[in-house]
Amino acid sequence: MVLALIVIWLVLQISTDGIFLTPRNLYNLSIQTCVTAIMACGMVYVIVARQIDLSVGSLLAFTGMVTAYVQVHVIGNDSNIGWIVSIIVGIALGVAVGIFQGSWVTLAGIPAFVVTLAGYLMYRGAAFLITDGQTISPLNPTYERLGGGIGGAIGTTASTVLGVIAGIWVIFNAYNTRRQRKRYGSNQTPVWAEVLKVAVACVAIAAFVWTMNSYPDPAHKDADGNPIGTGIGIPVLILIAVMIVLTFVATRTRFGRYVFAYGGNPEAALLSGINTRRLLISIFALMGSLSAVAAVVTTARLNSGANSIGTLQELYVIAATVIGGTSLAGGLGTIPGAVIGALIISSLDNGMVLLDVSSAQRQIFIGLILIGAVWFDTVYNKRMGR
Amino acid sequence: MSGGATMSASTTDRGTPLVEVRNISKRFGGVHAVSNMSCDLYNGEVVGLLGHNGAGKSTLIKMLSGVYPQDEGEFLVNGQVVHLHTPRDARAAGIETIHQTLALADNIDAPGNLFLGRELRTPIGTLDSHRMEHEARQIISRLNPNFKEILKPVRSMSGGQRQTVAIARALYFNARILIMDEPCAALGPAETRMVMDTILALKQEGIGIFLISHDMHDVFEVADRVTVMKNGKLVGTENVTDVSQDDVLGMIILGKKPGKAA
């Protein structure tokens, strides 16, 4: 998957005459990836548990409109804390909608496909009704930074510090795992492999931070009038936070273990005394909350709330998740994989824009990529004897 | 046809049964899957539960393991009435079940399955995977010393290894009552031997076992008594020393006790 991404990047770099892999384009790419990637992280849980959520694009619009409405028309967009309240309201709405959908699925036994297909229609309609189709703008200036636009990055110093912390964490984590395994006498991976893995991760982090720091901020110059670097975009930080939390939950907590167990064998999960209804409802609630987080990034980036945002987003999210190695048969998938899947899709989209490919042709191409990815998934599963 | 009347004579002087199934009934719509069924199980005893497909064995076992609620009757463990509404209740009562399907999550490794629903956790509440792996290795190596590669998804394990995981899961939590539903149905001869030896060892430790099997030979090897069901009803319970395999076959097919059949 990472290999596919590298190939795509190299091909685009060559065919765009070196425009693709520039700090400026990569900064934009990092921001463009975030909305799809944030939701794809949640979609991993949904699909691993043998469910589907087709409503996430419409729910993004609904929660985004409610957030914008609360921020501008209820509290006022000049309030310093109003935007925080509006985010909380949006996320609470996302959770409530998720519980609503999950309850229909588990308590009434209606397939998730049907429930969320209905949701796909309903929430788009609800997003329209909030302002009778009118766009809400402008939003709070501080809130706007969450979209990664002007002032939407954290600067070079903070980016470097975060990069160093990430590197130390990678090294510490590898060391700690070895120590734990030694304590229980478990098998160890060879030292050279571990060192290589850590080195690759550190180089990737350094390259990312360096690239983001190299993009000159169009809005700010230093005292001598020289451009200064923007650093990492705030949406990227939101995405990283979502990734860390959801990876942690998936691999280190009971909830995550049960999601995978249910996806592997729902009957086994039930017979093991797992409360499978609560489990599925929680998964839909999680997905709803992430749709609301993605709505924050979307509306902040546009500096407005419009009922058309997130159109077709559900398909990109599902495509990213599947391209990222999550099996539609359930039980198999990773959060970092889904983020790479989102990066692959937005790289293709971004690169084809640079190549002046029309929007219609881009859709055809990304559709073909999706078929290819699912085909790969099918072949892979057959090989593994699933 | 009442359960009490057909209890085997030798059980009367053995104190309180470990498990007592008392006049249990279960209907699915108009179908009487189990009606007025009674049987019991003592410490260190293996009771073979026999009957045709559809005789009600699985339904009875599912009620005992907390999957379905019963419509009528009571379950007693050590003389106390227990309410088995969920699999958790059954486990809390010391009843562990090895289902015919094994109920393993194929995508998860052996320690993950062993502790499924009862994970060991660190002080901060996260999964303690290292300790679970360690504990899993210990119990699995006791059951099957050749089984070392426990950290791969159980999907890619052999039938015997999967069975070992399922048995280890039941034993780790100090079950006093073990229900084994067709534990050897999908196994080869060597693996069947391993399971049979395990059953005999567990019996020595004082665990009571309900063994469901179609293989009369296996049942006669390890069981102390057989309880036969037909059409959801109890046919009878006999000591294996008092009856022949043909007698029991007669009970299964004809639904009559051997003495009356002759």
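Odds and ends about this structure:
- Other protein chain C-beta atoms within 10 Å of residue C-beta, averaged over A:256-267: 5.
- For chain A, built as a Gaussian network whose Cα springs stay under 10 Å, the top-fluctuating residue of A:ASN275, A:ASN140, A:ASN173: A:ASN173
- Computed from the C-beta positions of B:THR122 and A:LEU355 and an R0 of 41 Å, the FRET efficiency is 0.20 to the nearest 0.05.
- Within the listed set A:ALA268, A:ALA37, A:ALA96, the Gaussian network model of chain A (springs between alpha-carbon atoms below 10 Å) gives the highest mean-square fluctuation for A:ALA268.
- Most fluctuating residue given options A:ASP349, A:ASP222, A:ASP53, as computed from a GNM of chain A linking Cα atoms under 10 Å: A:ASP222
- In a fully extended conformation the segment linking A:ASP78 and A:LEU121 would gain 12.2 nm over its present Cα-Cα distance, using 0.36 nm per residue.
- Annotation for segment B:139-227: GluC sites (Glu not before Pro) lying in DSSP loop with at most 16 further Cβ atoms inside 10 Å of their Cβ are B:GLU149, B:GLU205.
- Loop-located GluC sites (Glu not before Pro) in segment B:32-107 (DSSP state not H, G, I, E or B) with no more than 11 neighbouring Cβ atoms inside 10 Å do not occur.
- Within segment B:110-174: Cβ-based charge dipole about Cα centre, in debye rounded to nearest 20 (Lys, Arg +1; Asp, Glu -1): 140 debye
- Computed FRET value (nearest 0.05) for A:THR378 with A:VAL161, which takes r as the C-beta separation and R₀ as 51 Å: 0.70
- For B:GLU72, residues with placed amide H under 5 Å, excluding near neighbours: B:SER25
- Remark: segment A:31-40, residue by residue, has Karplus-estimated 3J(HN,Hα) of 6, 5, 6, 4, 4, 4, 5, 4, 6, 5 Hz, where x stands for each Gly or Pro and the curve is 6.51 cos²θ - 1.76 cosθ + 1.60 at θ = phi - 60°.
- Shape analysis of the protein assembly as shown places it in the prolate category; the axes a ≥ b ≥ c from the Cα gyration tensor give an a/c of at least 1.5, with a/b above b/c.
- Distance between the C-alpha centres of segment B:77-118 and segment A:227-248: 42 Å, rounded to the whole angstrom.
- For segment A:216-223, backbone phi angles converted through the Karplus equation (6.51, -1.76, 1.60; θ = phi - 60°) give residue-by-residue couplings of x, 5, x, 9, 10, 10, 7, 4 Hz, Gly and Pro being listed as x.
- Karplus 3J(HN,Hα) series, Hz, for segment A:344-352 with 6.51 cos²θ - 1.76 cosθ + 1.60 (x for Gly, Pro): 5, 5, 6, 5, 4, 4, 4, x, 6
- Computed label-point distance, nm, for sites B:HIS217 and B:THR86 using a 7 Å Cα→Cβ extension: 4.4 nm
- Centroid-to-centroid separation of segment B:163-200 and segment A:170-207 [C-alpha atoms, Å]: 38 Å
- Whole-Å distance, taken between Cα centres, linking segment B:15-38 and segment A:124-143: 61 Å
- Label separation (B:THR241 vs A:ASN275): 5.0 nm, computed from points 7 Å beyond Cα along the C-beta direction.
- The residue among A:LEU196, A:ALA166, A:PRO227 whose Cα reaches farthest toward the positive pole of the charge dipole of segment A:153-232, with charges on the beta-carbon of Lys, Arg, Asp and Glu, is A:LEU196.
- R0 of 30 Å, Cβ-Cβ distance A:ARG183-A:ILE244: FRET efficiency to nearest 0.05: 0.75
Read the figures in this text as sums done on the coordinates, not as results from a lab. It should be emphasised that the depicted structure is a prediction, and the values quoted were computed from it without experimental measurement. Positions of Cβ are backbone-derived with ideal geometry, glycine not excepted, and every protein chain shown enters the neighbour counts.
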